[in-house]
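These notes concern the structure reproduced below.
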Amino acid sequence: MKIKRLLSVLSFAIIATTASAQAVDINGGSSWNGWQLNGTSNTLGFYGGGSTANVYEIYTTQFTFNNHNVTGSPGGSTGFTTPLTPGAFQNGNRILGVGIRHISGSTSITGGAIVRFDLDNNSYSAASSVGGNDGQVSSTLFASQGDFNCQFFAAGVLPTTFVVFGGTGNFVSAGNQTGNHAFRGFSQSSTGVSYQMFFDLTAIPTVYDTGVFQAPYTVGTIGQTYTMSIRGFGNTDSVVSIVSPITPFCFGDGTGSACPCSNEATPGSGTGCLNSLGTGGLLTASGTASLANDTLVLLGSGMPNSFALYLQGTQSGSGAGTAFGDGKMCLNGSLERLGTFSNAAGASSVPNGGSPTPVSVRGGVLTTGIRTYQVYYRDTATFCTADQFNLSNGLKVLWTP
């Protein structure tokens, strides 16, 4: 069925909702909603300094930043706003969260927590046994050009040092640039020692460019798959491999196909084509796309206060989009309606308090793999084409078991 025909016969049952971007707990570790438990340090790999007595849990989360904020009163950074490097933690940026929660043994981390990013997945691996020396974890012996480390001071998990590698054992430090890093840290001690650390993967390569690190000391390309070595309690290191489950695509900023009326958004904004408000519809997501524990939340913003239809596809076509109404259709394959909601302050979300059914249930996602998502929304002002609707950017979401 043609997309336009499909949308023309839809019955729009509008459900009022209050949008919320905060689908992931950011509180230093007093709770972990929206996070995925990867395992414990004694199951994720040991190195020469490993210990069965010093055990901690490793959590990760990935989301697109959209006015996220810190709740409660954790120790550490002063939030995501001040002081802040321009371009870091801006709406639309790709954020990785890494959490560690103490279970048993030592609660100390000498020098602070360290997260080492292995962008080519060839530097860090778990040792074959506790105390083994075959785990590649030494920052002075194992690293590839473009890999980098972020270190947090032990007291209060404040960001301190950023290190980038120009090759094996070849690195330079940015020094103590607290407040200028594109990463943040928060801690809790009231419910047991825990850290939550956040990395702006969109901003890091530009914040730490050749203006700070002279070539070849530049951050490599942060792809959709990479490996991290995480130093936690008792100076025990663990390895976690990350596959980014949420990838924005099909933007209305002049990349890919053109917008219908030359209504391109600002390059790099990550939105769809401009609407009558002069903004582009932005679709972001947070939570975990897991069939066993679906906490995925789709959040649309930058739209008029009309209705918004959330769509799921099975393909993305070329990824460039096809002119459709005042915007671009990014989805292809088999389309499913996830629900129609009224925007408040230009935003809506699915699921939400008034309609809590998970995305996987709405979309009939029964098997792992990629699904694509987009928001189709009404824009009744005379603006572009005779069609009174527009669309957001698209999202590719990898569903895991």
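Overview of values
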item: Residue under evaluation G339, criteria (1) touching a helix residue (DSSP H, G or I) at 6+ places or on another chain (Cβ under 9 Å); (2) in a loop (DSSP other than H, G, I, E, B); (3) at pLDDT 95 or above, criterion not met; result: (2)
item: Breaking point among (1) assigned by TED's automatic domain parsing to the domain that holds F233; (2) at pLDDT 85 or above; (3) surrounded by fewer than 21 Cβ atoms within 10 Å (Cβ to Cβ), for G48; result: (2)
item: Candidates V137, V115 - the one that is modelled with pLDDT under 70, crowded, with 22+ Cβ neighbours inside 10 Å and under 27 Å from the mean Cα position of the chain (by Cα); result: V137
item: One residue from R378, R371, R362 being under 20 Å from F249 (Cα atoms) and in contact with a strand residue (DSSP E or B) (Cβ under 6 Å, 6 or more places away or on another chain); result: R371
item: Pick from region 311-321, criterion of a type in the set (S, T, Y) and surrounded by fewer than 19 Cβ atoms within 10 Å (Cβ to Cβ), ranking: nearest to the chain's Cα centre (by Cα); result: T314
item: Single residue of region 167-195 satisfying the filter (at pLDDT 85 or above and in a loop (DSSP other than H, G, I, E, B)) that is farthest from the chain's Cα centre (by Cα); result: V193
item: Some residue of region 196-208 being in a loop (DSSP other than H, G, I, E, B) and either within 30 Å of Q388 (Cβ to Cβ) or modelled with pLDDT under 75 (or both); result: no
item: Considering residues of region 66-89 that are buried (at least 17 other Cβ atoms within 10 Å of the Cβ) and modelled with pLDDT of 85 or more only, the residue nearest to T284 (Cα to Cα); result: H68
item: Of all residues in region 360-401 being small (G, A, S) and exposed (fewer than 15 other Cβ atoms within 10 Å of the Cβ), the one that is modelled with the highest pLDDT; result: G364
item: Region 230-274, subset hydrophobic (A, V, I, L, M, F, W, C) and surrounded by fewer than 17 Cβ atoms within 10 Å (Cβ to Cβ), residue modelled with the lowest pLDDT; result: V243
item: Selected residue [in a loop (DSSP other than H, G, I, E, B) and aliphatic (A, V, I, L, M)] from I222, I230; result: I222
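Let's see how each residue does on (1) part of a loop (DSSP other than H, G, I, E, B); (2) within 22 Å of D379 (Cβ to Cβ); (3) touching a residue at least 40 places away in the same chain (Cβ under 8 Å); (4) more than 20 Å from the chain's Cα centre (by Cα):
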{"site": "G254", "(1), (2), (3), (4)": "yes, yes, no, yes"}
{"site": "P260", "(1), (2), (3), (4)": "yes, yes, yes, yes"}
{"site": "A265", "(1), (2), (3), (4)": "yes, yes, no, yes"}
{"site": "T284", "(1), (2), (3), (4)": "no, yes, yes, no"}
{"site": "L298", "(1), (2), (3), (4)": "no, yes, yes, no"}
{"site": "N305", "(1), (2), (3), (4)": "yes, yes, yes, yes"}
{"site": "L309", "(1), (2), (3), (4)": "no, yes, yes, yes"}
{"site": "A323", "(1), (2), (3), (4)": "no, yes, yes, yes"}
{"site": "K328", "(1), (2), (3), (4)": "no, yes, yes, yes"}
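The values are calculated or read from the model by the stated rules, or taken from the named source; none is laboratory data. If you're wondering where the values come from, they're calculated on a predicted model, not measured in any experiment. With ideal geometry, Cβ positions are generated from the backbone for all residues, glycine too; neighbour counts draw on all protein chains shown.
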